[in-house]
Each structure stands twice: as C-alpha cells, then as structure tokens.
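Encoded as structure tokens, the structure appears first; notes follow it.
The values are calculated or read from the model by the stated rules, or taken from the named source; none is laboratory data. From a predicted model like this one, the values you see are computed outputs, not experimental measurements. For neighbour counting, all protein chains shown are included, and Cβ atoms are generated from backbone atoms with ideal geometry for every residue, glycine included. SASA here: full protein model, heavy atoms, side chains in, ligands and nucleic acids out. Shrake-Rupley method; radii C 1.70, N 1.55, O 1.52, S 1.80 Å.
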Amino acid sequence: MAAYTIDLNGRKRSVEADADMPLLWVLRDVVGAKGTKFGCGAAYCGACTVMLDGAAIRSCQMPISRVGARKVTTIEGVGASPVGARVQAAWLEVDVAQCGYCQAGQIVAATALLQKTPKPTDAEIEASMNGNLCRCATYNRIRTAIHKAAGMPTPAGEVAA
Amino acid sequence: MNAHVKIETPRLSRRTMLRAGAAAGGGLFLSARLPGIAAAATEQTAARTLNAPTLNAPALNAYVKIAPDGLVTIVAKNPECGQGVKTMLPMLIAEELDVDWKDVRIVQAMNDPVTYPRQFAGGSLATPMNWEPMRRVGAAGRQMLIQAAADTWGVPAGECSTEPGLVRHGASGKSLRYGELAARAATVAPPKLETVTLKDPKTFRIIGRAQANIDGPAIVSGKPLYGIDVELPGMKYAVFHKCPVFYGRCLEANIPEVKAMPGVIDLHVIEGNKDLGGLSSGVAVVADSWWHANKARAALTPQWDEGPFGGHSTDGYDARAKTLAPAAPQQILRKDGDVDAALAGAAKVVEAEYSYPFVSHQPLEPQNCTARWDGDKLEIWTSTQNPEPGRQLIAKTLGVPADHIAIHMMRCGGGFGRRLSNDYMVEAATIAKRAGVPIKLLWSREDDMRHDMYRPGGYHSFKAGLDTSGKLVAWKTHFVTFSRDGKVVNSGDLAPSEFPAHFVPDLQFGTSMMETLIPTGPMRAPRSNAMSFVHQSFLDELAHAAGQDPIAFQLALLDQPGAHEGYDAPRMAAVVRAVAERSGWGKRKLPPGHALGFAQYYSHQGYFAEVVEASVAASGRVKAHKVWVVGDVGSQVINPLNAENQVQGAVLDGIGQALGLEITFAKGRTQQSNFGEYPLIRMADAPPVDVHFLVSNHPPTGLGEPALPPVIPALCNAVFAATGKRVRSLPIDQGMLKTV
Ligand code: FES
Ligand code: FES
C-alpha cells in the first residue's frame, strides 16, 4: 500500500492503495464515489469511463500509481463544466436512460468528445462512443442527446425528443 | 477511510421520507386492499410498510401518502431493471388519485409479498397485471379525499369533484387542497377497490403523456442506486470462484498460499449443493477490497471434480442433433389434419433446416449482492428481478425461516431475465454467515458469462407444401431441443399454438430432445426470441418459393376467416399493413445494395410487425440502416416516452443477437468470458428505429419484450433480399455472405 494524492473533480484527495489498484476501484471502494461503474474490467464496455485531463479513459485499466497529477473528472464532477452540464441536461431532456447503468460512462465520454470537438460529425460521434456499450441499447437516444448538447439538429432518421 | 454512501431505500433513508402516519405528520396513508386480500387498513401498519417495511408485513397494501404540504409519496412496488416500471406503476396511481405528477415522490418498496402482490419483473407482465389494480388504488384514495372534504363542509360527497391536488364543491365554490384534507381522509374507511369509479381515459392527464425516468437526475449525476453501489459500515468484499464446469465440485484449493495475499481476510471451500440455481461448489474469497479479493482469486489453483458434465460440448450437441433430426420425432406436440397426405398432394414442397445457438443475458451490472446477518436475521441488498423466490431459496438452502430475511430491491443495471434467478443471493448469504460481517459479493464479467442460465439453442427441420396458387397448405416441424432428466429445459419448448398453427389446415409439430446439464432460463422474449427467427424466416422462404411478396403471403394467411384460439389475426394484419405503409414497402426507391426484410410476431400479448432496411458489403458485413416497427399493445400506451425507448432497445438487442452473439461449450465449460468474445451491439451497428403504435380496444399490455422477436428474422430476410442468400443459422455467418 502506498499513499497517493489525486485531483478528483477539482478536489485533492489522499488515498491509500496498492500501486496496481485500478482507478475504478480506488474511486468506488476507497473514495466511495459509486458513480463510475464496473462492467467488464477489461476495456470492452466503457462503463468505467472517466476523464484524465479532459481525455476519456477506461478507469479499470488505469493503475492509481499512473494517475499522477492529472485532473480526474468523474460523473459526480462532470456537471461542473458548461459542456458537461449541457450533456447531462440533454440526457434528461431526451430521457436517454433505461437501466441507466452505462450512462455515467456515456455522459463522461460524450462530454470529453464535445469539449474537444464542439460540433462533431456523425462519424466522429460514432468513433468516440463506440467503446461505450449500452446493454439496453439506448443508442438512438444517445446520438440524439449528443446532437442536442452540441446545439445541432436531431440526426437524420432519429426521432426528435 | 471509506465513505458510507446512503442508499435510497425505504429502510435506509428515513430522512427522505415523510414521518410516519397521520398522527405524527398530519398526512394521509391510503391503504388499499387488492382483490383477494381482506384486511382493514390502519394507519400504523401502513406507516410500517411505507417507511420501514418489517419482516412480518401485515396483510394490506399501502401505496400512497400525502403530506400537509401536498407532497404525495407513492410506493413503486416492482423491481426496476430499466423497463421503466418504477415510473409507470406510480403514474397509474397518481392519475386516478388526481394529483400533479410534479408533486409526486416515488419510493421503491422492499420485497414484501404480503403487502405488495407479484413483485417481479418478467414476461412484460407489469402492465397487464397492474393496469387496473393500481388505478383502483389511486381512485380509492381520491374517493377518501372527497369524503373528507364532504364531511368538512357537511355536503354530500356526490356534489364534490377533484382537480389535480384539490377537492371542489361546485355549488358553494369552496375548495380544499389534498394536503389540508389528508389527516381527515386518513380516518375515512377505505372503499372496496372493486367499487371505486375509474376515470374516463379521455380525461387522463398523466397516463398517455411522456413522463421521464424518475431516476433520471440521479443517473446522470452518478448517485448510488444499484445493488453494486451498496456500502454498509464494516462491510467486506467477496468473490466466489466456482467450478468452470457446471456441476463440478471443488476438491481442494491452495488456501494457505492465497490467504497470505494482501488484503485477504478469509478463504474457504464451499461444498455447494446439486442445484445450480442455488449454491454451486467453489472457493469463497473475502478481502478488504474487491480488487484484493479478485486478485487473490486469480492465484487460486483449485482441484476440481468435473463431474458428469466434463464431456459436454456444442460440437457434441450439434452432432447429436444431426442424428435426431432425420429420425421420427420422439413426441408429437400438435397434429392437425393429415400433413403427410397434404405434402404428398402439394404442388411444391420446400424443406429447410434452421438452428440457433445458446446465448447469454449479460446485463451490464454484474451480479452482486450485499448481505448482513444480525443473529439469525438476514438483510439483503441486491439487484433482482424476482426477490421472493430468492428469499425462499436462501431460506431453503441455509435453513432459516423466510420471515427472518428482508430484501431491499435495488435498481438493476439491466435484467433481461438473468436476475429472475437468484443464485448470487444464496452465495452472498452463505459467505456473509461465515464472515460474521456484512459482505458484498460481486461477480466478475467472466463469472457472469460462465455461470448464466442461458437461452438454449435449438434445431428445426421444416417441410412445407404450397398449392398451385402458392397458398401454404401443409406444415411439418421437427424441433430438436434439450432436456434435463427427460423434461424439456427452461425456455426450450415449442408452443403447440406457434404461428402458423391454426392458419394451415394440415400441420404437425414434433420434437425430440437431448440431455444437457447446461442451466437455461428465460431471456428477454423467452422462446419467442428464437422461434420468431426460424418460423418467420421459413415463411419468408415459402413466400419466395410461391413467387409472392412476403408481406402479401403472410397477409393471405392472416386474412383467412375463422377464429384462431387466443391469436387475434385482424390485430396482426393491421400492424402488418401499417408497417408496410410506414416503411414504403414495395414503393420506396432504395439506395443501391439496400433491401427490405419483413417479419411479424405475436408475443407477450403484443402484436408486432417490423421491416428492416439492410445491406451486405462485399466483405460480408451486414449493416442495418433503418428499422420500422408497428405494434399493438392495446388501448393505451401508458408512458409513450419510455415505450419508444423500450421498443428501440428491444429491436437493437435483437439485431445485436443476430449479428454476433453465440455461447459455445467445450469440455463442459462456457468458452466465452468477456465482451471481446461476446460482442454486444454497439452504436456503429445501431440503426435508427421508427416506432409507431396502433391503438386497439383491448386492455394495455407490456413492452419490455414483444418488439424483439420480429427484428431478427426481418434482418435475415433483408439479407436474403439483398444477396439471395438465406440465413438459416445464427449468428449470421458473414463469411457465407462474402463476395470478395
Ligand atoms: S469496466 Fe472498464 S471498460 Fe468495462
Ligand atoms: S441504459 Fe442500461 S446499459 Fe445503458
């Protein structure tokens, strides 16, 4: 066990953990922030998506010892940025969630996308979001919500919310 | 160091609840009896149910509470796993109670079968089972509020009416808000539910309007909601490493070595029993974090007795099915007319063999359960679709009285039928008992994929006859399925009423079975998710063989006069015609390489017809570009916002299954272990889904399932239309479709 200080949603947190403990488990079981979800533990599903310095990463693959001074943004803190707040609002307006389990990862991934690419093309949306599984398959509404958060019209073929 | 997160259930979050009873808070409990349960409602027992469900809940139902400030608390009785029932059931109550939806707060009930009937999520049954009872609960409350107002004013109740949140006396113009009336209404004798008057649906203000997922704000901000999020003071973490072979047993394990690993608190072999839905044999690891527990598990090298299943494999089943299929069926399920004579007299005979694999549920939240013993009392927090059988299973397995077990139903991160089984509950209860501290058991994804109750595979041989006009006149099926101890496995049966039974005069369904030990269970649209593929694909083949348009061919069957035993052919014909219209079937000019495929299917009391527009690349890659769905689920779509979401999800789920999902077995083991080998549908493969409902004069029915079955054959039929190649087994073999 070693002590690490991470910058979590704008606050410094000291945590004690093994060097190889993934950030996912540090967040969930050491810090007690349960919003970031465990789905596969193997980089397939994106349920554990958080941002490191604004880039979406799979926290199940990120040992705590490699986080360093980078800013960690999770679903609990994503609404602090204007883009994140817009994404959350769009998710509610479109009523994206079914079970909701994947949606923390989806929202963080969508926020990372829109922070870098405010008006993404459909191909860019797909490329950024394809790593995030939604077992309930709410993909139609995820696309619609991203368009809404980006201030773009509802994508072709999708039903406007 | 751990933060203890508050989980919002009635038991744990009293602060979020109004205080108990009229006496304490001046509020009203509306307790209502459902038919068959006779008990006087008392405020006190209702208070116990609403605020802190007890181990011995009284025999009454309590759903509604109104605070002096007008805030209405409604209990959602059923488990929520993404189907939207936590929003929908309270909508029914709120509508008839006549309150503003914005004034409603919803609390999730605990498992409490005495108070709340039929607390489960399955079979798309919440709507048909609760449509009327829940509205009657609300209407009874409204009647009590009216009575309280009438008593206050000294006027006949018949002169009073309600509008959202208040009672009005028309003649005098007086009105009182529900919050003001609540205390008095609580003293009014509750009316018999079957006597209350329900609203004219034309006056609905909540039902039929878009109501957002009640947990939406908590979901988008990452609040703890799910079983996996539960955290209790002093809690430790567990993994349970089961024998990879079904029914195998753990003989011994390298316990001392693994016990010395960081964070490990306890390690022990669990004998298990013979019931895979109960307790398997394996090694339980308890540690100070799940990470440590799971790391320790990876270092285990247990000796297994692989048992009777060690030789089973998918290849073995396929080979056995090949020998069974051409032989006479072991059993005839249905025999109408004389099928062999009709086939002999047919102008054209078409034969085909279809098959589909085992598939796995894979809800995104892995199975988990938190258990805390207090002496001989047990408290459980878990994501389950079916809590009461879980309670009974624990009681039976561990020898504790069922009424010593309390279950908190957490929001489920998906169910799809997996959480109808409660094996994880028994495991957690067993491990926590020995640990002496609260335990959160969490399965890895690999555990979840290797220890499912799978949708069984199946093999169908069809033979059908057409007359000179192309009319379907004979149908013969030999279905090879699986049995366990001589009985057909769960979800491996063919209904004798399967379409086109009743629509073809000479028809025979036969089955043969082969033994398996693989646990099977219902998966979203059980049976239908497979039966639709084989039957609707073969019907499409027959249409082409008859030289007819596939929709016209099926309409000719459906439009035949006569009754069809529980199947409303005109309802189906109507959705078929509507989907043809909406999709531009036969009329719309399609981009090069694109083609349309059609299928219809009746399941879970819903009539659905679907059209898929698809293309197949030279590489063999199948792409669905758009799906049109028309469904008839009766007179009322209760929450249109969620209804569309459910249908889109079910359709994309079906497309995902067709494109890539397959579970195989070798040496008694499941060969797939994570999403890399079990590719659930992703955004890139998810086309837009157009959803439309036809309203018919029938009681409303459910939507979790019936939109799924038709899309699989509709996609395969589109592949045929695009390529001339018939998909006769799932998942679609893209290699077969390759042209370069
Ligand atoms: S849990 Fe990290 S990608 Fe699935
Ligand atoms: S909403 Fe259930 S997994 Fe996405």
Query raised in the report: For A:R11 and A:E93, what is the calculated FRET efficiency with R₀ set at 41 Å and r taken between the beta-carbons, to the nearest 0.05?
Result: 0.90
Query raised in the report: Taking the Cα atoms only, what angle lies between the long axis of helix A:103-116 and the longest principal axis of chain A, rounded to 10 degrees?
Result: 80 degrees
Report task. For B:K259, go through the lysines and keep the ones whose alpha-carbon is under 25 Å away, minus same-chain ones fewer than eight residues off. Result -> B:K236, B:K242, B:K295, B:K433, B:K440
Requested in this report: Assuming 1.002 mPa s and 20 °C, estimate D for segment B:480-574 with Stokes-Einstein, Rh taken as the Kirkwood radius over Cα pairs, in µm²/s.
Outcome: 141 µm²/s
Query raised in the report: Between B:A298 and A:A85, what is the spin-label point distance in nm, taking each point 7 Å from the Cα along the Cα→C-beta axis?
Result: 4.1 nm
Query raised in the report: Reachable aspartates and glutamates from B:K322, Cα under 13 Å, same-chain residues fewer than 8 places away excluded?
Result: B:E353
Requested in this report: Could you work out the relative contact order of segment B:58-102, using alpha carbon pairs under 8 angstrom and six or more residues apart, expressed as a whole percent?
Outcome: 23 percent
Query raised in the report: Taking only C-alpha pairs under 8 Å that are 6+ residues apart, what is the relative contact order of segment A:78-149 in percent?
Result: 45 percent
Requested in this report: With a 1.4 Å probe and every protein chain left in place, tell me how much accessible area B:I74 has, in Å² to the nearest 10.
Outcome: 0 Å²
Query raised in the report: What is chain A's relative contact order, in percent, from Cα pairs under 8 angstrom and six or more apart in sequence?
Result: 22 percent
**Report entry** Alpha-carbon centroid distance for the pair segment A:47-110 / segment B:667-705, whole angstrom
**Finding:** 25 Å
Query raised in the report: So what's the projected area for segment A:2-77, the Cα convex hull averaged over all directions, in nm²?
Result: 4.2 nm²
Query raised in the report: For the pair B:D338 and B:R118, how long in nm is the line joining their label points, each one 7 Å along Cα→Cβ?
Result: 4.5 nm
Requested in this report: Could you tell me which Cys residues in chain B have no other cysteine's Cβ under 4.7 Å from their own Cβ, answering none if every one has a partner?
Outcome: B:C160, B:C243, B:C250, B:C369, B:C716
Query raised in the report: At a Förster radius of 45 Å, what calculated FRET efficiency corresponds to the Cβ-Cβ distance of B:R621 and B:D288, to the nearest 0.05?
Result: 0.45
Query - Chain lengthening between B:T203 and B:D305 when straightened (0.36 nm per residue, less Cα-Cα) - result: 30.2 nm
Requested in this report: Quickly estimate the mean residue ellipticity at 222 nm for chain B, helices only: each DSSP H run with n ≥ 4 gives -39500 (n - 2.57), and the total goes over all residues, rounded to 500.
Outcome: -9000 deg cm²/dmol
Query raised in the report: Along segment B:413-421, what does the Karplus equation 6.51 cos²θ - 1.76 cosθ + 1.60 (θ = phi - 60°) give for ³J(HN,Hα), rounded to whole Hz, x for Gly and Pro?
Result: x, x, x, 6, x, 4, 8, 7, 8
Query raised in the report: So, counting K/R as plus one and D/E as minus one, what does the shell of residues with Cβ under 13 Å around B:G345 add up to?
Result: -2
Query raised in the report: For chain A, what does the equivalent ellipsoid look like in terms of its semi-axes, each the square root of 5 times an eigenvalue of the Cα gyration tensor, given largest first in whole Å?
Result: 29, 15, 13
Query raised in the report: Could you give me the ³J(HN,Hα) list for segment A:73-82, computed from phi with Karplus coefficients 6.51, -1.76, 1.60 and θ = phi - 60°, whole Hz, x at Gly and Pro?
Result: 10, 10, 4, 5, x, 5, x, 6, 8, x
Report summary line: Listed by chain and number, the lysines with an alpha carbon less than 16 angstrom from that of B:K589, same-chain partners under 8 positions apart left out, are B:K626
Query raised in the report: If the chain between A:D122 and A:M152 were fully stretched, how many nm would it gain, using 0.36 nm times the residue separation less the Cα-Cα distance?
Result: 9.7 nm
Query raised in the report: Which is farthest toward the positive dipole end of segment A:2-77 among A:F38, A:Y4, A:A19, measuring Cα position about the Cα centre, with Cβ charges +1 (Lys, Arg) and -1 (Asp, Glu)?
Result: A:F38
Query - Hz values of 3J(HN,Hα) by residue in segment B:483-488 - Karplus curve (6.51, -1.76, 1.60), Gly and Pro given as x - result: 10, 10, 6, x, 10, 4
Query raised in the report: Given B:L694, B:I681, B:L557, which one lies farthest toward the positive end of the charge dipole of segment B:550-704, if we put +1 on the Cβ of every Lys and Arg and -1 on the Cβ of every Asp and Glu?
Result: B:I681
Report task. For B:A563 and B:S313, calculate 0.36 nm times their separation in residues minus their Cα-Cα distance, and state this gained length in nm to one decimal. Result -> 85.6 nm
Report summary line: Amide H proximity to B:S603 below 5 Å, modelled H, separation 5+ or other chain, gives B:F608
Query raised in the report: Along the Cα-to-C-beta direction of B:T739, a point sits 7 Å from the Cα; which residues of segment B:618-640 have their amide N less than 20 Å from that point?
Result: B:618-626
Query raised in the report: How big is the charge dipole of chain B about its Cα centre, in debye rounded to the nearest 20, if each Lys and Arg gets +1 on its Cβ and each Asp and Glu gets -1 on its Cβ?
Result: 1100 debye
Report summary line: Protection proxy (average C-beta count within 10 Å per residue), highest first, orders B:358-364, B:691-697 as B:358-364, B:691-697
Query raised in the report: Based on the Cα gyration tensor of segment B:137-242, what are the three equivalent ellipsoid semi-axes, each the root of five times an eigenvalue, rounded to whole Å and given largest first?
Result: 43, 18, 15
Query raised in the report: What do you get for Rg/Rh over chain B if you use C-alpha atoms and the Kirkwood form of Rh?
Result: 1.00
Query raised in the report: Taking the radius of gyration and the Kirkwood hydrodynamic radius from Cα positions alone, what is the Rg/Rh ratio for the protein assembly as shown, to two decimal places?
Result: 0.97
Report task. Give the calculated FRET efficiency between A:D53 and B:D69 to the nearest 0.05, with a Förster radius of 45 Å applied to their Cβ-Cβ distance. Result -> 0.45
Query raised in the report: Among B:G234, B:I206, B:I219, whose Cα sits farthest toward the positive end of the charge dipole of segment B:197-246 (+1 at Cβ of Lys/Arg, -1 at Cβ of Asp/Glu, about the Cα centre)?
Result: B:I206
Query raised in the report: Taking a 1.4 Å probe, which of B:R582, B:R142 shows the most accessible area, and what order do the others take after it?
Result: B:R582, B:R142
**Report entry** Cα centre as origin, Lys/Arg/Asp/Glu Cβ charges: chain A dipole, Debye
**Finding:** 200 debye
Query raised in the report: Which value in nm describes the separation of the simple spin-label points at B:K396 and B:Q330, placed 7 Å from the Cα toward the beta carbon?
Result: 2.4 nm
Query - Residues of segment B:295-316 with amide N under 19 Å of the 7 Å Cα→Cβ point at B:K259 - result: B:295-303
